[in-house]
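Here's the structure, in structure tokens; my notes come after.
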Amino acid sequence: MTSRLAAARAVGVEIAARHADDVDAGARFPREALAALKDRQLLGIMVPESEGGAGAGIAEVASICDALGRSCASTAMIYAMHQIQVACIVHHAGKNAWLRTFMKQLAKDQLLLGSATSEVGVGGDVRSSICAIEEKDGRFSLTKQAPVISYGADCDGILVTARRTPQSPASDQVIVVVPRDGYQLEQKSGWDALGMRGTCSNGYHLEAKGGMEQVIPAPFADVSAQTMLPVSHLLWSALWLGIATDAVTRARAYVRSEAKKTPGGVPDGGWRLAEAASLLQLMKSNVVVSLRQYEAVVGSEDKLTALPFAVAMNNLKTGSSQLAVQVIHQAMLVCGLAGYRNDTAFSLGRHLRDAHSAALMVNNDRVLARTAQLLVALREDPGLLE
Amino acid sequence: MFKIHSEIFNFGASMAQPVQARVRAVLKESALLQADVESLADDADLYAAGLTSHATVNLMLALEEAFDIEFPDRLLRRRTFSSVNAIAQSLDEIGVYKEAA
């Protein structure tokens, strides 16, 4: 375990867990946990060492998401979404001097980055934009109706997708990095949701301005396929795994307490606990193998856009999101009313509510439809260890 | 030889056209682009012309049908379908003849 992972675990157990119920009840930003993550320099760890970061890889960041997910799913989700934005910059900045300088600032000041990819009027398809980059004399302006910008009020910069030019078709998009002093947000809707309540995923009217050098040079199609999509699915799955893991931990504690009351024999709920643990292992294996798959192809444009890889990442997302809910449901059956109640050490209501977001944030039906399309084209299945 | 004969049988008059023209015909027929296919240069970026990644699979299927070929997995990448020329080059790689002899 790296010292960074140890620090993240401590933030999870000592800080995020302590405030998780209050964050959930108040649908408020988990400011204590995010301040602690900043304080421990964990926001900029993916920035390369050459730019002042730690050059951390995807597996380490996923491990941190898992660790935080065990304590406060909202904190873990904010951390994951931030790192997805960082990954897009780190992998696609190329030689762009402005972006490289921004990376340095990101590492130095531990900036928290948000994302404005969805847009009112595109029906949830992040690969379509209505708004466009309007360029004049090397400067751009941009206006976007964003139905959701998670933690928009609390971030230090936002990555925004838009059509390349006002003449471009909806699918010809770019993504632009806008630091805090380059945008204005007018809140249009709030975030009173079933779960993930601390992500404060309000809707905003966004107005942004800046220099054209803030636009990531690669088309958003490439950034999305090679980085945003796989990294999202990996980090989300890791934090969903964290939520499910804590649910099983609570179920295990419950069964242990029952076992103490009736020594000998298998306590009630013991078989269900075993089933939950088995499902959890399946989920974990999927995350670990997918991380290895990504590590094997990262840096290779061809391999990152190969169909089998895209199918694997989509499957990870749909599979993990479903398994998380199943595992937590099993754990709740183990704990019975103690799990159903909101005021016991075995409470699982928040876990279940948070996990239900997994199938919806990028709806599984959309992901499955895309996978189905890819499967039509796919000819071969990779071998066991390929 | 068999390949050439089968193509003459399938495409008749189109054999007189370069691959690029036949690719254009497929693009036009499949109606996957918002832009006018005829006005696009052979090296114009089809994605900038409105080809979505979702539509790319449909384009691939239409090309396979029209040229009676199969794209191997290694060619199923965004770049393969990025322009008329890129498609023609991939077809050449698969073994579609550039022009009628």
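What follows draws every value from the coordinates through simple rules; no lab data is involved. None of these values were measured; they are calculated from a predicted model. Ideal geometry is used to build each Cβ from the backbone, glycine not excepted, and the neighbour counts take in all protein chains shown.
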- Message: Which of the three applies to the stretch A:114-214, rounded, prolate or oblate, going by the alpha-carbon gyration tensor with a ≥ b ≥ c and a/c under 1.5 meaning rounded?
- Response: oblate
- Message: Checking the cross-link filter: which aspartates and glutamates have an alpha carbon closer than 13 Å to that of A:LYS303, excluding same-chain neighbours under 8 positions apart?
- Response: A:ASP222, A:GLU295, A:GLU386, B:ASP73
- Inter-chain Cβ neighbour average for residues A:218-227, partner chain, 10 Å: 2
- Listed by chain and number, the lysines with an alpha carbon less than 30 angstrom from that of A:LYS108, same-chain partners under 8 positions apart left out, are A:LYS38, A:LYS95, A:LYS144, A:LYS209
- Note on the structure: Length-normalised contact order of chain A, Cα under 8 Å, at least 6 apart, in percent, tallies to 16
- In whole Å, how far is the Cα centre of the stretch A:17-89 from that of the stretch A:269-325? 20
- Using the Cα centre as the reference, give the magnitude of the dipole from point charges on the C-beta atoms of chain A (Lys, Arg: +1; Asp, Glu: -1; all else neutral), rounded to the nearest 20 debye. 620
- What's the average, rounded to a whole number, of partner chain beta-carbon atoms within 10 Å of each residue's beta-carbon in A:172-181? 1
- Query: How about B:LYS28: which lysines have a C-alpha closer than 29 Å to its C-alpha, ignoring those fewer than 8 places off in the same chain?
  - Reply: B:LYS3, B:LYS98
- Residues with beta-carbon under 13 Å from that of A:PHE220, excluding A:PHE220: net charge, scoring Lys, Arg +1 and Asp, Glu -1? 0
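Kindly provide the helix-only [θ] at 222 nm of the protein assembly as shown, computed as the sum of -39,500 (n - 2.57) over DSSP H runs of four or more divided by all residues, to the nearest 500 deg cm²/dmol?
Details: 18 runs with 243 residues, N = 487.
For the protein assembly as shown, the value works out to -16000 deg cm²/dmol.
Take each of the peptides A:260-273, A:363-376, B:40-53, A:145-158, average the number of other beta-carbon atoms within 10 Å over its residues, and list them starting from the highest. Walk me through the numbers on the way to the answer.
Details: A:260-273: 13.0, A:363-376: 15.0, B:40-53: 17.8, A:145-158: 20.4.
Result, highest mean first: A:145-158, B:40-53, A:363-376, A:260-273.
Using the Cα centre as the reference, give the magnitude of the dipole from point charges on the C-beta atoms of the stretch A:114-214 (Lys, Arg: +1; Asp, Glu: -1; all else neutral), rounded to the nearest 20 debye.
So the dipole magnitude of the stretch A:114-214 works out to roughly 120 debye.
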- Rel. contact order, % - alpha carbon contacts under 8 angstrom, at least six apart, the stretch A:3-112: 32
- Query: Among A:ALA259, A:VAL178, A:GLY124, whose Cα sits farthest toward the positive end of the charge dipole of chain A (+1 at Cβ of Lys/Arg, -1 at Cβ of Asp/Glu, about the Cα centre)?
  - Reply: A:ALA259
- What's the average, rounded to a whole number, of partner chain beta-carbon atoms within 10 Å of each residue's beta-carbon in B:45-55? 5
- So for chain A, taking the charge dipole from beta-carbon charges (+1 Lys/Arg, -1 Asp/Glu), which of A:LEU113, A:LEU337, A:VAL367 sits furthest toward the positive end? A:LEU337
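Averaging over every viewing direction, what projected area does the convex hull of the Cα atoms of chain A cover, in nm²? Don't skip to the end; give the middle numbers.
Numbers: hull surface 78.5 nm².
Value for chain A: 19.6 nm².
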